[in-house]
Amino acid sequence: MHPAPSVIIFTTLSGLGFGLLTFLGLGLPDVTGWTAFWFFVIGYVLAVGGLSASAFHLGHPERALKAFTQWKTSWLSREAVTSVAALLTMALYGAGLVFFDTAWQPLGWIGAALSLLTVFTTSMIYTQMKTVPRWHMVWTPAHFLTLSLAGGALLAGQAFASIFLLLLAGMTTVAMWIIGDTRFARSGTDMATATGLGRIGTVKAFEPPHTGTNYLLREFVHVVGRKHGRKLRLIAGLLAFVVPILLMLLLVTHVTAALAILSHVAGVFAARWLFFAEAEHVVGLYYGKR
Amino acid sequence: MTQLPAQTQKKLGLVIDLDTCVGCHACVISCKGWNTENYGAPLSDQDAYGANPSGTFLNRVHSYSVQPLATSAKPHPAAQTIHFPKSCLHCEDAPCVTVCPTGASYKRTEDGIVLVNESDCIGCGLCAWACPYGARELDAAEGVMKKCTLCVDRIYNENLPEVDRTPACVRTCPAGARHFGDFADPESNVSRLTAERGGLDLMPEQGTKPVNKYLPPRPKDEMPEFDVLAPYLEPVAENPGGFIGWLDRALEKL
C-alpha cells in the first residue's frame with residue numbers, strides 16, 4: 001500500500017491525542033485550572049490535527065459531512081461519529097475541570113471510553129480489509145489500542161503505567177510484524193485464484209494492460225518501501241519502545257519525559273510508515289506483483 | 001445506502017470467454033469512449049501525450065502466460081498466452097459498497113448493478129482498497145471514484161436501436177468473447193454459457209460472490225505427430241526408365 005503522509009500523520013497523531021484524552025477522562029493526572037487547560041490543549045491539538053490531516057487525502061473534502069451517515073456498515077463513518085462524540089464529551093468534561101475546578105466524573109469515563117472507541121474504529125478501517133491480508137487479523141486493533149494507551153500514558157505523565165503499557169504495545173507490535181509476515185501466503189489468494197487459470201498450469205504475468213502506470217499501481221503496489229523493512233522495524237522498535245522504557249526507568253524528570261515522548265513519537269511514525277509500506281494488496285497479483 | 005440488498009430482482013452481468021478473447025483491447029477503447037462522454041464525470045488522462053501517460057479506465061486487458069505441468073506423455077508442453085479482460089464483477093457481497101462512509105456507493109435492488117453516486121463521493125478511496133479486483137479507480141482530475149456501470153445508460157436506453165442496448169464492451173467485441181445477460185434467469189444466454197463451459201469466479205476465497213463469470217480456455221488441440229507435407233515431398237519415381245534412365249545409368253558410369 002502507498003504510505004500516504006496524510007494518513008500516517010493522521011493515525012499517529014490522533015492515536016496519541018485520543019490516548020491522552022483517555023487518561024484525562026480517567027482523572028490521570030488529577031488536574032484542574034490552567035494545568036488541566038494545557039493538558040487538554042495538547043490532547044485536542046493532536047486529535048483534531050490528526051483528523052484534519054486525514055481530510056487532505058480526500059478528493060472532495062467539502063463533502064466530508066456526508067461521512068457521518070453510513071455508520072450502520074462503514075467503519076470510516078463510525079470513526080467520524082465516535083471521534084466527534086468523544087471530542088464533544090471530553091470538551092464538556094474539560095470545561096468542568098478548567099473553569100469550575102470540578103471533575104464531572106461519569107462524563108470523564110464516558111469520554112475516555114469514546115476516545116478509546118475512536119482508536120478502535122480507526123484500526124477497524126484497516127482490519128476489515130480482506131484484500132490486505134497483513135491487516136486482516138486481531139493483532140491490528142491490538143497494536144493500535146495498546147500503542148494509543150502507551151503514548152497517552154507518556155503524555156499524561158503516568159510513569160509507572162507508561163512502562164507497563166509500552167512493554168505491552170511493544171509486544172503487540174512485534175506480534176503484528178511476525179504474524180503479519182505469514183498472512184498473505186495463508187490468505188489462499190494467489191495468481192492462480194486471481195485469474196482462475198491455475199488448473200492449466202503456472203500463471204505468469206506476460207503483459208500489463210498498459211505501458212504506463214495507473215491509479216491501482218500507485219495506490220496499492222509499493223515495492224520500494226519494503227527493501228529496508230527489517231532495519232526500519234529495528235529502528236521503530238528501539239525509538240518507540242526501548243528508549244522510552246529505559247528513560248522512564250532511569251529517572252523521571254521533565255527532560256527525560258520529553259525525550260521519551262519525542263523518541264516514542266518518532267518510533268511510532270516509523271512503525272506506521274511500515275504498516276502501510278509493508279502491506280500488500282491482492283490486486284497486485286493481476287500485475288504479477290506483490 | 002451502503003447496506004447491501006438481501007436479494008436483487010435481476011443479476012445483470014457479463015460472461016467473459018477467455019478461450020475466444022484475442023486481446024485486441026477494443027472493449028477497453030469503446031468503454032472509455034462511451035463512459036467518458038456519458039454517465040458521470042469523464043474518464044480523464046494525465047500527460048496523455050507526454051513521457052509518463054496515465055489515465056482512468058473502467059476495463060483493462062491483462063495478458064498472462066500459463067505453463068502447463070510436464071507429464072510423461074508431454075515432457076515439454078507449450079506455454080499458452082491468455083488475454084484477460086477485467087472490469088467490475090458487480091459482486092453480490094460487494095465489499096466496496098459497505099465500506100463507503102457517505103452512501104455514494106450502492107448496489108441496485110432491481111438489477112444488482114453496483115454504482116457510485118458521484119455527487120456524494122468524497123474521494124476517500126476506501127472502496128478501491130476494499131475491492132480485490134482493482135475494479136475501481138479514483139479519477140485524478142475529478143477526485144471521485146469511477147467504476148464500470150454495466151453501461152446503465154445504454155442497456156435501458158430507448159433512444160438507442162435495440163441491438164445497441166448492451167454494454168459498449170459487449171457491443172464492440174469483434175471476437176464475440178463478451179456476453180451480457182441476467183444470471184438470475186437460469187435460461188438466459190449467460191446462465192447457459194456458464195453452466196455449459198464451467199464458468200469461474202475470480203478469487204472465490206475473498207467471499208465477494210462475483211456475478212460476472214469467466215469461461216476457462218478450452219484444452220488445446222493435439223498437434224499431429226506426422227509431417228503433413230511429407231506425402232508431397234516423396235520422390236516422384238524411384239527407378240526411372242526411358243531416356244532419363246539411360247542418362248542416369250550413363251552418368252553413374254563416368
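Before moving on, here are some points about what is shown:
- On the beta carbon distance between A:K289 and A:W38, with R0 = 35 Å, the FRET formula returns roughly 0.10.
- Distant-in-sequence amide contacts of B:H62, defined by a placed amide H-H separation under 5 Å and a gap of 5 or more residues or a different chain, comprise B:F84, B:K86.
- Dipole moment magnitude, nearest 20 debye, the range B:97-162 about Cα centre, only Lys, Arg, Asp, Glu C-beta charged: 300
- Cα long-axis angle, helix A:139-155 against chain A (0 to 90 degrees, to the nearest 10): 30
- Percent of alpha-carbon pairs separated by more than 20 Å within the range B:51-108: 59
- Overall, the accessible surface of the range B:1-121 at a probe of 1.4 angstrom is composed of carbon and sulfur to the extent of 54 percent.
- Accessible-area loss of 50 Å² or more (1.4 Å probe, protein heavy atoms, chain alone versus all protein chains) is found in the range A:55-76 for A:H60, A:R63, A:K66, A:Q70, A:T73, A:L76.
- Enclosed volume per residue, in Å³, of the convex hull spanned by Cα atoms of the range A:179-254: 161
- Carbon/sulfur fraction of accessible area - chain A, other protein chains in place, 1.4 Å, %: 75
- Amide H contacts under 5 Å for B:L215, placed H, 5+ residues apart: B:I16, B:D17, B:L18, B:L200
- At least 40 Å² of accessible area lost relative to the chain alone, listed for the range A:202-219 with a 1.4 Å probe: A:T202, A:K204, A:F206, A:E207, A:P209, A:T213, A:Y215, A:L216
- Counted over the protein assembly as shown, the DSSP beta bridges are approximately 90% antiparallel.
- 1.4 Å probe, heavy atoms, protein only - residues of the range B:20-54 losing at least 40 Å² accessible area vs chain alone: B:S54
- Qualifying chymotrypsin sites (Phe, Trp or Tyr not before Pro) for the range B:117-185 [loop in DSSP, other Cβ within 10 Å: at most 13]: B:Y156
- Label-to-label distance for B:R165 and A:A185 is 5.4 nm, based on points extended 7 Å past Cα in the beta-carbon direction.
- Percent of Cα-Cα distances greater than 28 Å, calculated over the protein assembly as shown: 62
- Virtual spin-label span in nm between A:V48 and A:H2, 7 Å along Cα→Cβ: 3.0
- Between A and B, accessible area buried - total, square angstrom, nearest 100, 1.4 angstrom probe: 4800
- Dividing the helix sum by the residues of chain B, where each DSSP H run of 4 or more adds -39500 (n - 2.57), gives a mean residue ellipticity at 222 nm of -5500 deg cm²/dmol.
- Estimated 222 nm signal from helices in chain A, with DSSP H stretches of n ≥ 4 weighted -39500 (n - 2.57), rounded to 500: -22000 deg cm²/dmol
- Across chain A, the convex hull enclosing all Cα atoms gives 138 Å³ per residue.
- Alpha-carbon centroid distance for the pair the range A:72-101 / the range A:218-290, whole angstrom: 28
- Cα-based helix-to-principal-axis angle, B:242-253 vs chain B, degrees rounded to 10: 80
- Ordering A:70-78, B:50-58 by mean Cβ neighbour count within 10 Å, with the highest value first, yields A:70-78, B:50-58.
- Note on the range A:1-128: along the principal axes its Cα atoms extend 45, 29, 27 Å, ordered by decreasing extent.
- Compactness of the range B:172-254 as Cα Rg over 2.2 N^0.38 Å, two decimals: 2.56
- Summarising the amide proton neighbourhood of B:G13: residues at separation of 5 or more, or on other chains, whose placed amide H is nearer than 5 Å comprise B:G181, B:F183.
- Angle of helix A:105-127 to the longest C-alpha principal axis of chain A, folded into 0 to 90 degrees and rounded to 10: 10°.
- Flagged links, alpha-carbon separation over 23 Å, of B:K11/B:K86; B:K32/B:K146; A:K289/B:K107: A:K289/B:K107
- In chain B, the sites counted are GluC sites (Glu not before Pro) in DSSP loop states with at most 12 other Cβ atoms within 10 Å, and the longest stretch holding none of them, exclusive of the sites, is B:1-109.
- Residue-normalised accessible area of the protein assembly as shown, given per residue in Å² at a 1.4 Å probe: 46
The values are calculated or read from the model by the stated rules, or taken from the named source; none is laboratory data. Keep in mind that this is a model prediction, so the values were computed, not measured. Quick reminder, even Gly has a Cβ in these numbers, built from the backbone with ideal geometry, and neighbours come from all protein chains shown. Calculation scope for accessible area: heavy atoms of the full protein, side chains included, ligands and nucleic acids excluded. Shrake-Rupley method; radii C 1.70, N 1.55, O 1.52, S 1.80 Å.
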